[in-house]
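*Asks:* A single structure is presented below for examination.
We did not get these values from a lab; they are worked out from the coordinates using the rules stated. Treat the numbers as computed from the prediction; the structure is a model and nothing was measured. Glycine also receives a Cβ, built like all others from the backbone with ideal geometry; neighbour counts cover every protein chain displayed.
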Amino acid sequence: MKKLHVLLPALLILAMLIVVLPGCDKEEGQVFRMADNHPDGYPTVLGNLAFADYVREHTNGRINIQVYNNSVLGQERETIEMTQTGAIHFIRVGINPLTVLNPQLNALGMPFLFRDRAHKFRVLDGPIGDEIRAMLIPQNLYGLCWYDAGFRNFYNSQREIRTPADLQGMRIRVQESALMMDMVRLLGASPTPMAYGEIYTAIQNGIVEGAENNWPSYITAGHYEVASFFTENQHMASPEMILVNTSTWNSFSEEDKAIIYAGAAEGARVEREEWLKAEQEYEATARASGNTITTLTPEERQLFVDALAPLYDQPAYAELADIIQRIRAVE
Ligand code: GTR
């Protein structure tokens, strides 16, 4: 009996642990999946992690967003579709592949539209950005915040590009977006849509000669290894965003929605800060690699602006005149 006296507290503790241990599982809260196609350390991934951490902390672990980056849940288009069905709950995605769902989103990808980064974020963080975030609700996607993705530029494996004439006849990989195809066609090149994850091999095997993207993607996806000519022509500054499946969103209480919304703002703050660092770091990597990095003269850059200006008058984009005009009017 004496022994039992000694043993009882120990048994009690053991029993408590057994009860508490599955409770630890419960502490994992409700698990949600978030997709991103970029690797560890990429600015968007760091933003996503800051978002998930904020939400986990502020809900005491009840809402646990797990970030699956590196395309482990699929290529961008598949993961957008999975977020629409709710198989994935959150996604970080660029604006261009979303334009098939609502062509109004093309407004943000129009060439040479934003005057600079500050103008872009005044538009995105203001009423126009709010309006666009809500545009995909009929497609089961709701935008929570805006991420930076810098400027997109052309690069290729063949020759230096200084003017649109240098792009003539070149096969250029584009995102699966009509706007991207029309833009590349206007420059006299031949657009080839394909998934991001296929570009490296496609350039390496000569299926396409080039692609276009920002500094961080050029380096982290390894494209700089197979496309050594990079021209900083900055034809578009389409942003990126975090989207949530609308049923998932509607399942949250108003209080939790406010936390998730604040968490997305924190994710965006971190991403935009990391973006500026990454741009500098990866530009330096590109320059140090011995690749041909071309900075255009204002006259050369103007040739790209002029070549793409007719896009604004094509019927598909003329429909965007109102929103484009409002974007331009933002001080
Ligand atoms: C990157 C973007 C990716 C993907 C990629 C592409 O800049 O962050 O989400 O859209 O471009 O060209 O497919």
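*Asks:* Per DSSP helix of 4 or more residues, -39500 (n - 2.57); summed, then divided by the residues of the chain. What does that give at 222 nm, rounded to the nearest 500?
*Replies:* So the calculated ellipticity at 222 nm is -14500 deg cm²/dmol.
*Asks:* Tell me, what ³J(HN,Hα) does each residue in segment 264-270 have, in order and in whole Hz, if you take phi through Karplus 6.51 cos²θ - 1.76 cosθ + 1.60 with θ = phi - 60° and put x for Gly and Pro?
*Replies:* Using θ = phi - 60°, the values come out as 5, 5, 5, x, 5, 4, 5 Hz.
*Asks:* List the pair-distance distribution P(r) of segment 179-331, using every Cα-Cα distance, as the percent of pairs falling in each 5 Å bin from 0 up to the bin containing the longest distance, rounded to whole percents.
*Replies:* Going from the shortest bin to the longest, the percentages are 1, 7, 12, 15, 16, 16, 14, 10, 5, 3, 1.
*Asks:* Which one of ILE65, ALA134, ALA35 has its Cα pushed farthest toward the positive end of the charge dipole of segment 29-167, where Lys and Arg give +1 and Asp and Glu give -1 at the Cβ?
*Replies:* So the residue furthest toward the plus end is ALA134.
*Asks:* GNM, the chain, Cα, under 10 Å: largest mean-square fluctuation among ALA211, ALA288, ALA195?
*Replies:* ALA288
*Asks:* In addition: Compute the signed sum of charges (Lys and Arg +1, Asp and Glu -1) over the other residues within less than 13 Å, Cβ to Cβ, of MET170.
*Replies:* So the surrounding residues net to 0.
*Asks:* In addition: So which chymotrypsin sites (Phe, Trp or Tyr not before Pro) in segment 268-328 are both in a DSSP loop and have at most 14 other Cβ atoms within 10 Å of their Cβ?
*Replies:* Answer by residue number: there is no such site.
*Asks:* Computed on alpha carbon atoms, what radius of gyration and Dmax characterise the chain, expressed in Å?
*Replies:* 23.4, 96
*Asks:* Give the residue from GLN234, SER251, ALA165 lying farthest towards the positive end of the charge dipole for the chain; charges sit on Cβ (+1 for Lys and Arg, -1 for Asp and Glu) and the dipole is referred to the Cα centre.
*Replies:* In the chain, that residue is SER251.
*Asks:* In addition: Output the antiparallel fraction of DSSP beta bridges having both residues in the chain, as a percent to the nearest 5.
*Replies:* Roughly 55 percent of the beta bridges in the chain run antiparallel, per DSSP.
*Asks:* With N set to the number of residues, divide the alpha-carbon radius of gyration of segment 248-288 by 2.2 N^0.38 Å and report two decimals.
*Replies:* 1.82
*Asks:* What Rg and what Dmax come out for segment 129-195 when only alpha-carbon atoms are used, in angstroms?
*Replies:* Computed over the Cα atoms of segment 129-195, radius of gyration and Dmax are 15.8, 44 Å.
*Asks:* Sort segment 235-316 into rounded, prolate or oblate with this rule: let a ≥ b ≥ c be the square roots of the eigenvalues of the Cα gyration tensor; rounded if a/c is under 1.5, and if a/c is not under 1.5, prolate when a/b is larger than b/c, oblate otherwise.
*Replies:* oblate
*Asks:* On a 0 to 90° scale, report how tilted helix 2-27 is relative to the longest principal axis of the chain, with both axes built from alpha carbons and the result rounded to the nearest 10.
*Replies:* With both axes taken from Cα atoms, the answer is about 20 degrees.
*Asks:* Here's a follow-up. Across segment 84-100, in residue order, what do the Karplus-derived ³J(HN,Hα) couplings come to in whole Hz, using 6.51 cos²θ - 1.76 cosθ + 1.60 with θ = phi - 60° and x for Gly and Pro?
*Replies:* Result, rounded to whole Hz: 5, 7, x, 5, 10, 8, 10, 8, 9, 8, x, 6, 4, x, 8, 5, 5.
*Asks:* Now, a different point. Evaluate the charge dipole of the chain about its Cα centre and quote only its size in Debye, nearest 20, assuming +1 on the Cβ of each Lys and Arg and -1 on the Cβ of each Asp and Glu.
*Replies:* 620
*Asks:* Calculate the FRET efficiency for GLN204 and THR297 from the Cβ-Cβ distance with a Förster distance of 35 Å, rounded to the nearest 0.05.
*Replies:* It comes out at approximately 0.65.
*Asks:* Suppose every K and R has +1 on its Cβ and every D and E has -1 on its Cβ; what is the size of the dipole of segment 53-158 about the Cα centre, in Debye to the nearest 20?
*Replies:* Dipole of segment 53-158, to the nearest 20 debye: 160 debye.
*Asks:* Let me spell out the model: positive unit charges on the Cβ of Lys and Arg, negative unit charges on the Cβ of Asp and Glu, origin at the Cα centre of segment 87-222. What dipole size does that give, in debye rounded to 20?
*Replies:* 140
*Asks:* What order do you get for GLU271, GLU240, GLU255 when you list them from fewest to most C-beta neighbours inside 10 Å?
*Replies:* The order, fewest Cβ neighbours first, is GLU255, GLU240, GLU271.
*Asks:* Name the residue, out of ILE95, ILE203, ILE128, whose mean-square fluctuation peaks in a Gaussian network model built on the chain with Cα pairs under 10 Å.
*Replies:* Among ILE95, ILE203, ILE128, the largest mean-square fluctuation in the Gaussian network model of the chain belongs to ILE128.
*Asks:* List LYS257, LYS120 from most exposed to least, where exposure is judged by having the fewest other Cβ atoms within 10 Å.
*Replies:* In order of increasing Cβ crowding within 10 Å: LYS257, LYS120.
*Asks:* Rounded, prolate or oblate: which fits segment 80-177, taking a ≥ b ≥ c as square roots of the Cα gyration tensor eigenvalues, rounded meaning a/c under 1.5, else prolate when a/b beats b/c?
*Replies:* Oblate is the answer for segment 80-177, as a/c is 1.5 or above yet b/c matches or exceeds a/b.
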